[in-house]
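The values are calculated or read from the model by the stated rules, or taken from the named source; none is laboratory data. Being a predicted model, the structure only gives us computed values, none of them experimental. Positions of Cβ are backbone-derived with ideal geometry, glycine not excepted, and every protein chain shown enters the neighbour counts.
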Amino acid sequence: MLKGSIVALVTPFRDGAVDEKALSELIEWHISEGTNGIVPCGTTGESATLTYEEHYRVIKTTIEVVNKRIPVIAGTGANSTDETITMTQEARKLGADAALLVAPYYNKPTQEGLYRHYRAVAEAVDLPLVLYNVPGRTAVNILPQTVERLAGIENIAAIKEASGDMKQVSEVIRRCGDRITILSGDDFTTFPLLALGGSGVISVTGNVMPGMVSQMCASYEKGLYDDARKLHFKLEPLNAAMFLETNPIPVKTALSMMGRIRGELRLPLCEISEANKKSLRETLLSYNLV
């Protein structure tokens, strides 16, 4: 279930509200382009700015539009364990196939605290759970020893690794083997992570070029390593463009340039700078996306 190109979906806004029409159209486009899974309400979906009602509505809409054609992995992580449990329970009721749980941010829990947090959610909700390690945003790193402990819990199914540290990823795979699925959390690390034994990516770039990201993962899975490597290098400039500024500012701007959504963001995120906007447009032009 958790493999290939899984898109960390943006949340389109129109006049300050969630644009459910644009959201539905994006999902249909992703499915037609070969995307292997959808993550609503992750970092790229500006989950931190959504109300509870909006959060659940985006998850519900995604599940309804997908209609079991591909897995839906709902973003339900928070920096409060009780809040995480509540949101994950709701995602399960709505019909999500799995939940993505970011490491508790701001609190800076110890490794023991991280273990107890995830164990508590796993015990409270009968749903496959994906750990999300993104120390650049959370100020805490889920260390390989902790991942190894958590891999022993039956419904902890995978980890999205966005540390950018291939040495750490290698150690996680060495310690855990096939007890936990490893997914890239940074597009630029997808190919090397696959080479280490990972299974795919939860992708930002997949929002704008879903077919090529999916093709790269599929090529690797088929053993067409040279083809996958070529696609990795072809995607590199686009991957870099997606992080000209804080995610999801560039990706939403790109989708707006492509005519798929409005480029609205919610404060404290704001519009891209003019210099980066120009650079982004030039990159999109080079891929014939605008």
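Please find, among PRO250, PRO210, PRO268, the residue that is touching a residue at least 12 places away in the same chain (Cβ under 8 Å) and farther than 19 Å from PRO40 by Cβ.
Details: PRO210 fails: farther than 19 Å from PRO40 by Cβ; PRO268 fails: touching a residue at least 12 places away in the same chain (Cβ under 8 Å).
Testing whether each residue is touching a residue at least 12 places away in the same chain (Cβ under 8 Å) and farther than 19 Å from PRO40 by Cβ leaves just PRO250.
Would a scan of the range 164-177 turn up a residue that is of a type outside the set (S, T, N, Q), under 18 Å from MET1 (Cβ atoms) and touching a helix residue (DSSP H, G or I) at 6+ places or on another chain (Cβ under 7 Å)?
Residues of the range 164-177 that are of a type outside the set (S, T, N, Q), as a first pass: 164-167, 169, 171-177.
Going one step further and asking which of them are under 18 Å from MET1 (Cβ atoms), we end up with 176.
From what's left, touching a helix residue (DSSP H, G or I) at 6+ places or on another chain (Cβ under 7 Å): 176.
Checked against the condition, which is being of a type outside the set (S, T, N, Q), under 18 Å from MET1 (Cβ atoms) and touching a helix residue (DSSP H, G or I) at 6+ places or on another chain (Cβ under 7 Å), the range 164-177 yields at least one hit.
Residue check, GLY263 against (1) out of contact with any helix residue (DSSP H, G or I) (no Cβ under 9 Å at 6 or more places or on another chain); (2) free of Cβ contacts under 8 Å to residues at least 12 places away in the same chain, all met but one. Which one?
Failed condition: (1).
Quick check on the range 82-106: of everything there that is in a loop (DSSP other than H, G, I, E, B) and not hydroxyl-bearing (Ser, Thr, Tyr), which residue is surrounded by the fewest Cβ atoms within 10 Å (Cβ to Cβ)?
If we filter the range 82-106 for residues that are in a loop (DSSP other than H, G, I, E, B), which is where we start, we get 95-97, 103-106.
Still in the running and not hydroxyl-bearing (Ser, Thr, Tyr): 95-97, 103-104.
Details: GLY95: 16, ALA96: 25, ASP97: 20, ALA103: 24, PRO104: 22.
Looking at residues that are in a loop (DSSP other than H, G, I, E, B) and not hydroxyl-bearing (Ser, Thr, Tyr), I get GLY95.
Which condition number in (1) surrounded by fewer than 24 Cβ atoms within 10 Å (Cβ to Cβ); (2) within 16 Å of the chain's Cα centre (by Cα); (3) over 25 Å from ILE142 (Cβ atoms) is the one that ALA78 fails?
Against the list (1) surrounded by fewer than 24 Cβ atoms within 10 Å (Cβ to Cβ); (2) within 16 Å of the chain's Cα centre (by Cα); (3) over 25 Å from ILE142 (Cβ atoms), ALA78 comes up short only on (3).
Criterion first (part of a loop (DSSP other than H, G, I, E, B), aliphatic (A, V, I, L, M), modelled with pLDDT of 95 or more and surrounded by fewer than 23 Cβ atoms within 10 Å (Cβ to Cβ)) does ILE63 satisfy it? Let's see the steps before the verdict.
Numbers: part of a loop (DSSP other than H, G, I, E, B): no; aliphatic (A, V, I, L, M): yes; modelled with pLDDT of 95 or more: yes; surrounded by fewer than 23 Cβ atoms within 10 Å (Cβ to Cβ): yes.
Taking the combined requirement at face value, the residue does not satisfy it.
Would you pick out the residues in the range 218-256 that are in a helix (DSSP H, G or I) and hydrophobic (A, V, I, L, M, F, W, C)? It would help to see each step written out before you state the result.
The initial filter retains those residues of the range 218-256 that are in a helix (DSSP H, G or I), namely 218-221, 225-241, 249-256.
Once the filter is applied, which keeps residues that are in a helix (DSSP H, G or I) and hydrophobic (A, V, I, L, M, F, W, C), the range 218-256 yields ALA218, ALA228, LEU231, PHE233, LEU235, LEU238, ALA240, ALA241, ILE249, VAL251, ALA254, LEU255.
May I ask you to say which residue of TYR287, TYR225 is modelled with pLDDT of 95 or more, closer than 21 Å to ILE31 by Cα, more than 18 Å from the chain's Cα centre (by Cα) and not polar (S, T, N, Q)? Talk me through it step by step, then tell me what you get.
Numbers: TYR225 fails: closer than 21 Å to ILE31 by Cα.
Testing whether each residue is modelled with pLDDT of 95 or more, closer than 21 Å to ILE31 by Cα, more than 18 Å from the chain's Cα centre (by Cα) and not polar (S, T, N, Q) leaves just TYR287.
State the number of residues belonging to the range 14-31 that are in contact with a Gly (Cβ under 9 Å, 6 or more places away or on another chain) and over 21 Å from LYS160 (Cα atoms). Reasoning before the result, please.
Residues of the range 14-31 that are in contact with a Gly (Cβ under 9 Å, 6 or more places away or on another chain), as a first pass: 30.
If we keep only those that are over 21 Å from LYS160 (Cα atoms) too, we end up with none.
Counting residues in the range 14-31 that are in contact with a Gly (Cβ under 9 Å, 6 or more places away or on another chain) and over 21 Å from LYS160 (Cα atoms) gives 0.
Consider GLU33 against the criteria (1) touching a residue at least 60 places away in the same chain (Cβ under 8 Å); (2) crowded, with 20+ Cβ neighbours inside 10 Å: it satisfies all of them except one. Which criterion is unmet?
Condition not satisfied by GLU33: (2).
On the given criteria, is PRO237 touching a residue at least 40 places away in the same chain (Cβ under 8 Å) and either among the polar types (S, T, N, Q) or under 16 Å from TRP29 (Cβ atoms) (or both)? Working first, answer last.
Working: touching a residue at least 40 places away in the same chain (Cβ under 8 Å): yes; either among the polar types (S, T, N, Q) or under 16 Å from TRP29 (Cβ atoms) (or both): no.
Judged against the criteria, PRO237 is not a match.
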